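Accompanying notes for the structure given below.
The numbers here are math on the coordinates, done by the rules we state, and not lab data. No experiment lies behind these values; they were computed from the predicted model shown. Glycine also receives a Cβ, built like all others from the backbone with ideal geometry; neighbour counts cover every protein chain displayed.
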Amino acid sequence: MTYCGRCGAEGRHEACVRALALEPPRYCTECRRRMIVQVHPMGWTARCSVHGELTSG
């Protein structure tokens, strides 16, 4: 099951997909947990306590 990285609901939502192009995800797409997000001048990092870290690479 895949969750939305912006709102945490199931599936993909066009409004959320567009918003995620400009902002970091707030929810883990694997487990729906709220992630710890840090935004810095060179991008962002988002960390799930279970699944690890994502970066804006």
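A compact table of results
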item: Where only alpha carbons of the chain are counted, the Rg and the Dmax (Å); result: 10.8, 33
item: Spacing of the two label points (7 Å from each Cα toward its C-beta) at residue 22 and residue 37, in nm; result: 1.3
item: Cleavage-rule hits (chymotrypsin sites (Phe, Trp or Tyr not before Pro)) in the chain: DSSP loop, at most 10 neighbouring Cβ within 10 angstrom; result: none
item: Sparse-neighbourhood loop sites, GluC sites (Glu not before Pro) in the chain - DSSP loop, at most 15 other Cβ within 10 angstrom; result: 30
item: For residue 44, residues with placed amide H under 5 Å, excluding near neighbours; result: 56
